[in-house]
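Read the structure below first, then the notes.
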Amino acid sequence: MPRVFIPAQLLNHERVTLDRPASRHLIKVLRLQAGAEVRVFDGCGTEIEGRIVRASAAGVELALGQRHRVPLPPVSITLLQSVPRGDRMDFIVQKATELGVTRIVPLTSSRGMVKPPPGKARRWRTIAQEAARQSGRADVPDVADVTAMDVALAGAAAAGGTRLLLWEEERALPLRQVLAQVPSAPVTLLVGPEGGFSQAEVESARAQGFRVVGLGPRILRVETAALVAVALTQSALGGLD
Ligand code: SAM
């Protein structure tokens, strides 16, 4: 069944007209016509049966039917990711969404992209919406505005839960071992940029209750480390069952 993301605030009536990109996807890509059924999701755990009543590339109109609450993921994972150079953050947002993260906070840190261009957070939100649609999620992960690392660390400490900093120099405490001990979610994972974290940043994280954990003896690329950490956490907490 084709799926369409429509923000909850637009779903208060019995009919809704899709925006141009969503209309184009249904008409041009999926070649749907009037009468076809689609599944609408609002990104907050509600799915609605929809039917195309007017199909035109200018804007598809849907009639909305039965609403269903879909259970949200049992595991809450927040990924604090220092934004790497280039477009690798696009990839990390897409794959972390497929893997079920609840929240993504793009960070600035001393050895990462110091000031991501404006509009990047909006781009990443669109990527997250599309990845949620494609992967069949009823919720869309929250993608925060680009945040300074110290602000994000304090926010994570205030939110509580298990907080883990992934550090390539950590050999004594593997992520696997910590995950075996955590009672359940929420888990916050902090992953550095291509230049890694400075010693001072590692100490700041420790001061905010982060434990420093390793992913083995090899130096992983940013995108590899982020996705391995999310996947291992999901697997350990039952999010991939
Ligand atoms: N400073 C590293 C170096 O010497 O090349 C580069 C950092 S690595 C490319 C990017 C990030 O991935 C790190 O900041 C860390 O968060 C994570 N990472 C990579 N390999 C890791 C490992 N073996 N254990 C834990 N984290 C790792």
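The values are calculated or read from the model by the stated rules, or taken from the named source; none is laboratory data. Quick caveat: nothing in here was measured; it's all calculated off a predicted structure. Every residue, glycine as well, gets a Cβ built from its backbone with ideal geometry; the counts of neighbours run over all protein chains shown. Accessible surface areas use protein heavy atoms only, side chains included; no ligands, DNA or RNA. Shrake-Rupley method; radii C 1.70, N 1.55, O 1.52, S 1.80 Å.
Some observations on this one:
- Of all residues in segment 136-154, those satisfying the criterion of being touching a residue at least 12 places away in the same chain (Cβ under 8 Å) and either open to solvent by 40 Å² or more (accessible area, probe 1.4 Å) or within 16 Å of the ligand (Cβ to nearest atom) (or both) are Gly136, Asp142, Asp145, Val146, Ala148, Met149, Asp150, Ala152, Leu153, Ala154.
- Among (1) more than 16 Å from the ligand (Cβ to nearest atom); (2) within 24 Å of Arg85 (Cβ to Cβ), the one test that Val182 misses: (2)
- Any hit, segment 35-51, residues being hydroxyl-bearing (Ser, Thr, Tyr) and free of Cβ contacts under 8 Å to residues at least 60 places away in the same chain: no
- Strands (runs of 3 or more DSSP E) within segment 22-69 that include 1 or more residues among the polar types (S, T, N, Q): 46-54, 61-69
- Residue-level analysis places Met89 outside the set of residues that are outside any strand (DSSP E or B), in the same structural domain as Val228 (by TED's automatic domain parsing) and at pLDDT below 95.
- Tabulated pairs, segment 109-135, first more than 16 Å from the ligand (Cβ to nearest atom), second acidic (Asp, Glu) and open to solvent by less than 50 Å² (accessible area, probe 1.4 Å), C-beta under 6 angstrom, 6+ apart or interchain: Ile127/Asp90
- Residue in segment 1-10 that is surrounded by the fewest Cβ atoms within 10 Å (Cβ to Cβ), counting only those that are out of contact with any Asp or Glu (no Cβ under 6 Å at 6 or more places or on another chain) and hydrophobic (A, V, I, L, M, F, W, C): Met1
- Taken as a whole, the structure leaves Leu79 outside the set of residues that are open to solvent by 40 Å² or more (accessible area, probe 1.4 Å) and either outside the structural domain of Thr233 (by TED's automatic domain parsing) or on the phi < 0 side of the Ramachandran plot (or both).
- Of residues in segment 25-63 being surrounded by 17 or more Cβ atoms within 10 Å (Cβ to Cβ), closer than 11 Å to Ile6 by Cα and β-branched (Val, Ile, Thr), the one farthest from the chain's Cα centre (by Cα): Ile48
- Selection of segment 219-241 for residues being out of contact with any strand residue (DSSP E or B) (no Cβ under 7 Å at 6 or more places or on another chain) and either part of a strand (DSSP E or B) or of a type in the set (Ser, Thr, Tyr) (or both) yields Thr224, Ser235.
- Yes/no for Ser198 being more than 22 Å from the chain's Cα centre (by Cα), surrounded by fewer than 20 Cβ atoms within 10 Å (Cβ to Cβ) and of a type in the set (Ser, Thr, Tyr): yes
- A residue that is on the phi < 0 side of the Ramachandran plot, more than 7 Å from the ligand (Cβ to nearest atom), assigned to a loop (DSSP other than H, G, I, E, B) and touching a strand residue (DSSP E or B) at 6+ places or on another chain (Cβ under 6 Å) occurs somewhere in segment 201-218.
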